[in-house]
Structures are given as structure tokens and as C-alpha cells.
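> Handing you a structure now.
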Amino acid sequence: MTSITSVEEALTRRWRRPDRPDGNFRTQFMGEDRHKGEKPDLTKASPIAYLVEQGPRDELRAHFHEADQFQIFVNGNGRIGSHGAAPGLGHFVGPFSGYGPIVGGEEGVAYMTLRNTWDPGAQFLPESLEKIRAKRFSRREVTFQVPAPVDDVELASLREVSVLPLIAPHPDGLAVSSYMMAPGACATGPDPVEGGGQFWLVMAGQMLDAEQGRPLHRLSMAFVRPEDPPYVAQAGSGGLHVVLMQFPLFQAPATH
């Protein structure tokens, strides 16, 4: 069953992180970043999504995770590793693939973090370097650039649906596409069985939640599980810009 979260609903869960300097906030959109007790089935989709707001000049050290992960920068400025981090920069990292640091610029920086399954949390480098070596995973990181946002007038004047691949489909299902959609238009996504789950993240305009009949505004999202039917995105009266991020197919869980 497709999971949907509106930005308005998520922002009721925004909280300031007491373990970080002032200006650092976190907003949980879907799931929980960590699970207590027994791990869930790591071969089934269990969406995790949250917004991180990092304060000016604050640094999150280089680290890795044990789950596949997408991130998209949505506000402010800064850098991730050697890349400048401005709204629209996105990247995908695979399990045990180190990345970062993420550093806020003069305005601070905000980014959405998206996973399709459980993760025990950030494991920092160089302290955990041996864990990467022990797994013998190939490092995997792919960056992409979401098209610059359009203003409301331009979005509402669209007359068709245009789809732009940002990460061309990989054999294991990894793919990212940008959809620009005219007011009221519909677009059917790829078959979810081809990957390990899909996030549809609203970048501008409104996407209609057909089940509840509500508009989903910027940063609202839908998660489509591999067993779900293809997702049909429908633009609201002002048009829609939405990004589809599809995870690779699930692999056998790592042993510890």
C-alpha cells in the first residue's frame, strides 16, 4: 500500500536537536530512523524519510550507512564532500559507502534523507573504516541535479507532461526522473517491481492525493512499495514538479 505524507502533517513533528548547535532541526516524514529490539525484514520496504536542517557553518562528519539512501538538498547552501550543496543537488549512496562531510554555509543548509529500509544510524569515519573494509562492498555514489524550480506562473502555464531522466535506469533498478506536469495532468510511473521502492517528492506546485482528495505541496511525498501497482501522479490546478527516486532491488541482508 502506498504511503503518503503531507509537508503540513510532517512539520508538526519538527524538533530542535539538543545534541547539535542552535539552528539544527529534524522533521520526521515517514518511519523511524532506528528500531529498538529485533530488526525488521531487510528484504522488504519500510520507508524512512526525514528533513535535516543544519545551521550556518555546522558540520556533519564523513560517515556511512548500512542501507541504500537518497538525499536531495532543498534549502540554503553548503557543501557535501567536494560538491557545492544548493537546492536541487541530489545523490544516491549504497550501503557501507562513505560520504561527506556535509557543511552548512552562511545560511545553513537543509536536505531530505530517504531510505527504503531500516538503518542503525550514521557510522563515522575514520573510526569505522575497518567495518567498510570487512564488508568488501563496492563503494557506490551517484550524484544528480534536479532542474531549477519554476515559478507558479510558469508551472501553471505548462501544457503537457515532460519527463527528464536524472539517473538513467540501472540494471538493478536504480533510477531518478523529474516530471514537469501541466495542471490536472496525470503521469504513470514505472512498474515498482523493477526496484526496491519509489519515493515521489514534490518540488513545486501540487500533487493530488487521490485517496484523501487533498493537495500535496512542496516536500510532501509518496512512497510506493515494490508490490504496489504503478503510481499515478496527478497535478493540481497549479501544475506539478515531482521527482521520482527508485531504489535498487533488495539484496540479501548483510551478516554481522
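> Run down GLY184, GLY213, GLY189 and say which single residue is farther than 24 Å from TRP118 by Cα, out of contact with any helix residue (DSSP H, G or I) (no Cβ under 8 Å at 6 or more places or on another chain) and modelled with pLDDT under 95.
GLY213 is the lone residue from the list that is farther than 24 Å from TRP118 by Cα, out of contact with any helix residue (DSSP H, G or I) (no Cβ under 8 Å at 6 or more places or on another chain) and modelled with pLDDT under 95.
> Going through the range 90-143 one residue at a time, which ones are buried (at least 19 other Cβ atoms within 10 Å of the Cβ) and charged (D, E, K, R)?
ARG115, ASP119
> May I pose another question? Would you mind finding the one in VAL243, VAL232 that is of a type in the set (A, V, I, L, M, F, W, C) and closer than 28 Å to LEU42 by Cβ?
Unique residue meeting the criteria: VAL243.
> With the requirement that a residue be within 14 Å of THR5 (Cα to Cα) and of a type in the set (A, V, I, L, M), what does the range 186-202 give you?
Within the range 186-202, LEU201, VAL202 meet the criteria.
> Wholly within the range 7-93, which strands (runs of 3 or more DSSP E) include no fewer than the required count, namely at least 2 residues that are of a type in the set (A, V, I, L, M) and farther than 17 Å from ASP119 by Cα?
It comes to 69-80.
The values are calculated or read from the model by the stated rules, or taken from the named source; none is laboratory data. A quick note: this is a predicted structure, and the numbers were derived from the prediction, not measured. We place every Cβ from the backbone using ideal geometry, glycine too, and count neighbours over all the protein chains shown.
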